[in-house]
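Chemist: One structure coming up, written as structure tokens, with questions to follow.
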Amino acid sequence: MPVIVASWLGLATNLVDAEDKIAAASSAQKQVSPSLMTASEAQKLADSVLRETSVVRGLNTKKMVPCTIQSPDATQAMLQDSMRDNISSNEVTAMTIYLKQLTLAPPGFDLPKYYLKMMDEQLAGYYDPKTDKFYATSRVDRLQLQTVMAHELTHALQDQHFDLSRLDKWPKHESDSRLALQSLVEGDATLAMMQYTARNPFRSVALLASTLFAGDSSKTFQAAPMVLQDSLTFPYTNGMSFVSALHRKGGWPAVNKAFKQSPVSTEQILHPEKFLSQEKPVSVAFRDLTKQLGQGWKLLDHDVNGEFGLYLTLKSGLNNQSEAYTAAEGWAGDRYAVYQGPNGANLITQVTLWDSEPDAHQFADAYSRFAAKRTKIKPTAKNGAQLWLSQNSNIWLQRRGKKVIILESALLNRDPALLARNL
């Protein structure tokens with residue numbers, strides 16, 4: 001599925017597990033009587049945290065990082081600008097169609113509005129590589145701000161040594177590989193934050209407090225569709241697991257090396273051994289069906305789901321984490337596309353490749369159960385494929401050796417088998 005991720009989770013691993021909805025850069029707090037800071041106090045704290053984080057992380061500070069306290073209005077404006085600059089209207093429409101067509105979000109779901117509200121609710125502070133500054137939201141408590149700074153100022157150190165601007169220059173239609181690099185970036189900062197926190201029991205108390213009191217100020221996040229929750233937390237939780245695996249093998253030098261030879265898929269993040277053995281995905285070429293679809297149809301977007309995206313689709317659809325994980329585990333490569341037609345018609349195509357025919361069969365079986373659950377009907381067999389025809393959703397699925405092709409549509413006046421021949 002199209003993965004939406006924030007650009008921008010102690011004492012022990014069980015604290016992170018308990019807090020998988022709260023990352024250092026998106027730490028939510030219930031403020032009773034916040035101890036706010038002046039700009040000079042915040043700068044002094046940032047300087048202190050940066051010096052200690054530099055030692056913890058093992059990266060020397062090439063330059064100090066200016067700190068700014070940002071008003072709620074300025075934070076909201078930043079979020080709006082970031083969405084406008086990084087996601088086109090066609091991409092937003094494609095994400096919305098995908099989520100609704102696959103019943104991963106409710107029919108009336110307003111993705112941009114919900115996303116902005118959720119991020120504004122969660123954001124406590126962030127480092128901006130474009131300005132080389134750290135921004136703290138004015139509502140964050142000074143004690144909790146230390147852990148946020150430790151995470152975000154690790155990003156500053158990363159930027160000084162490994163150049164984080166490459167995330168902004170990432171090729172279009174390659175979201176899975178971008179999410180893999182982002183998971184390295186966030187996982188590194190999260191592990192460094194946890195090590196920083198563990199050096200002082202008062203910091204650990206602050207981090208625990210942010211977990212215990214996050215409920216009221218995380219309502220939007222907690223009410224979000226599962227796919228959004230998991231997409232936002234993946235770079236922090238799974239990223240930290242990935243970085244921790246590297247750190248256990250070779251310490252921070254092994255993590256530094258990963259920035260120079262970066263992970264290229266979420267498969268490598270989910271399975272660090274595949275990163276270490278350099279098992280790379282198979283590239284699936286995009287084939288445009290606009291001409292076959294006819295007048296009034298247009299391509300909105302095409303991209304790579306990756307193992308995480310397909311796992312997340314099945315997990316949300318089947319409500320079974322174990323089954324979804326097993327079904328997606330043999331992923332080798334994929335490419336999906338979203339088209340919009342006249343009068344509310346749409347088409348989603350998915351071409352997936354698998355490590356073996358049994359892996360392809362396993363994924364196809366899981367997706368068949370997902371289709372049956374949504375449509376509540378049994379499929380018909382047509383041209384060696386399965387076809388579900390319901391009032392709101394038409395689903396066509398076929399396995400060809402190690403390839404599984406899926407077409408999902410609404411109001412499609414075309415033979416899916418004929419369209420699939422071009423994929």
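Chemist: Percent antiparallel among DSSP beta bridges with both residues in the chain, to the nearest 5?
Modeler: 90 percent
Chemist: Amide H neighbours of Gly125 under 5 Å, counting only residues 5+ apart in sequence or on other chains, H built in-plane at 1.01 Å?
Modeler: Close amide H contacts, sequence-distant or interchain: Ser27, Thr137.
Chemist: For the range 55-71, in order, what is each residue's ³J(HN,Hα) by Karplus, 6.51 cos²θ - 1.76 cosθ + 1.60 with θ = phi - 60°, in whole Hz (x at glycine and Pro)?
Modeler: Coupling constants for the range 55-71: 5, 4, 7, x, 10, 5, 7, 7, 7, 6, 10, x, 10, 10, 8, 10, 6 Hz.
Chemist: Give the aspartates and glutamates reachable from Lys402 as a straight Cα distance under 13 Å; neighbours fewer than 8 places away on the same chain don't count.
Modeler: Asp334, Asp355, Glu357, Asp359
Chemist: How would you order 251-262, 145-156 from highest to lowest mean count of nearby Cβ atoms within 10 Å?
Modeler: In descending order of packing, they fall as 145-156, 251-262.
Chemist: Let me ask another. Find how many whole Å separate the alpha carbon centroid of the range 52-83 from the alpha carbon centroid of the range 225-261.
Modeler: 20 Å
Chemist: The range 158-197: percent of C-alpha pairs farther apart than 13 Å?
Modeler: That tail contains 57 percent of the Cα-Cα pairs.
Chemist: Given a cut-off of 21 Å, name the pairs among Lys100/Lys280; Lys315/Lys376; Lys44/Lys117; Lys117/Lys169 whose C-alpha atoms lie farther apart than that in the structure shown.
Modeler: As for pairs spanning more than 21 Å Cα to Cα, those are Lys100/Lys280; Lys44/Lys117; Lys117/Lys169.
Chemist: So for the range 88-247, what are the equivalent ellipsoid semi-axes in whole Å, largest first, each being the square root of 5 times an eigenvalue of the Cα gyration tensor?
Modeler: 27, 21, 15
Chemist: For Trp354, what residues show an amide H to amide H distance below 5 Å, using hydrogens built from the backbone and excluding near sequence neighbours?
Modeler: Ala332
Chemist: Could you give each residue of the range 404-413 its phi-based ³J(HN,Hα) in whole Hz, using Karplus coefficients 6.51, -1.76, 1.60 with θ = phi - 60°, and x for Gly or Pro?
Modeler: Once θ is set to phi - 60°, the couplings for the range 404-413 become 10, 10, 10, 10, 10, 8, 9, 6, 8, 9 Hz.
Chemist: Can you pull the accessible area of Phe286 for me, 1.4 Å probe, Å² to the nearest 10?
Modeler: Only protein atoms counted, so the area is about 70 Å².
Chemist: Need the list of aspartates and glutamates near Lys257 for cross-linking: C-alpha distance under 20 angstrom, and skip anything on the same chain fewer than eight residues off.
Modeler: Within reach: Asp159, Asp163, Glu186, Asp188, Glu267, Glu273, Glu279.
Chemist: Please arrange Thr137, Thr326 by accessible surface area, largest first, computed with a 1.4 Å probe and ligands excluded.
Modeler: The ranking, largest first, comes out as Thr326, Thr137.
Chemist: Please arrange Met64, Met226 by accessible surface area, largest first, computed with a 1.4 Å probe and ligands excluded.
Modeler: I get Met64, Met226, largest accessible area first.
Chemist: If you filter the range 340-423 for trypsin sites (Lys or Arg not before Pro), then keep DSSP loop positions with at most 11 other Cβ within 10 Å, what is left?
Modeler: Filter output for the range 340-423: Lys376, Arg421.
Chemist: Work out, step by step, the length gained on full extension between Glu273 and Gln76: first 0.36 nm times the residue separation, then minus their alpha carbon distance; give nm to one decimal.
Modeler: 66.9 nm
Chemist: What are the chymotrypsin sites (Phe, Trp or Tyr not before Pro) within the range 108-196 that DSSP puts in a loop, where the Cβ has at most 16 other Cβ atoms within 10 Å?
Modeler: Answer by residue number: Phe109.
Chemist: Averaged over every viewing direction, what's the projected area of the C-alpha convex hull for the range 281-354? Give it in nm², one decimal, please.
Modeler: 5.4 nm²
Chemist: List the aspartates and glutamates whose alpha-carbon lies under 15 Å from that of Lys373, not counting same-chain residues fewer than 8 positions away?
Modeler: Glu323, Asp365, Glu408
Chemist: Residue by residue, what Karplus-based ³J(HN,Hα) values in Hz, rounded to whole numbers, does the range 88-95 have, using 6.51, -1.76 and 1.60 with θ = phi - 60° and x for Gly and Pro?
Modeler: Here the 3J(HN,Hα) series is 6, 4, 5, 5, 4, 4, 5, 4 Hz.
Chemist: Which residues' amide hydrogens lie under 5 Å from the amide hydrogen of Lys382, considering only partners 5 or more residues apart or on another chain, with H built in the peptide plane?
Modeler: Distant-sequence amide H within range of Lys382: Leu387.
Chemist: Further question: So if I place +1 on the C-beta of Lys and Arg and -1 on the C-beta of Asp and Glu, and nothing else carries charge, what would the dipole magnitude of the chain be about its Cα centre? I want it in debye, nearest 20.
Modeler: Magnitude of the dipole: close to 640 debye.
Chemist: Also, quick follow-up: Between Met226 and Lys382, what FRET efficiency follows from the Cβ-Cβ distance if R0 is 22 Å, with the result rounded to 0.05?
Modeler: The pair Met226/Lys382 has a calculated efficiency of 0.10.
The values are calculated or read from the model by the stated rules, or taken from the named source; none is laboratory data. Not measured: the values here are computed from a predicted model. Here the Cβ is made from the backbone with ideal geometry for all residues, glycine too, and neighbour counts use every protein chain on show. For the accessible areas, the whole protein counts, side chains as well, though only heavy atoms, and no ligand, DNA or RNA atoms are used. Shrake-Rupley method; radii C 1.70, N 1.55, O 1.52, S 1.80 Å.
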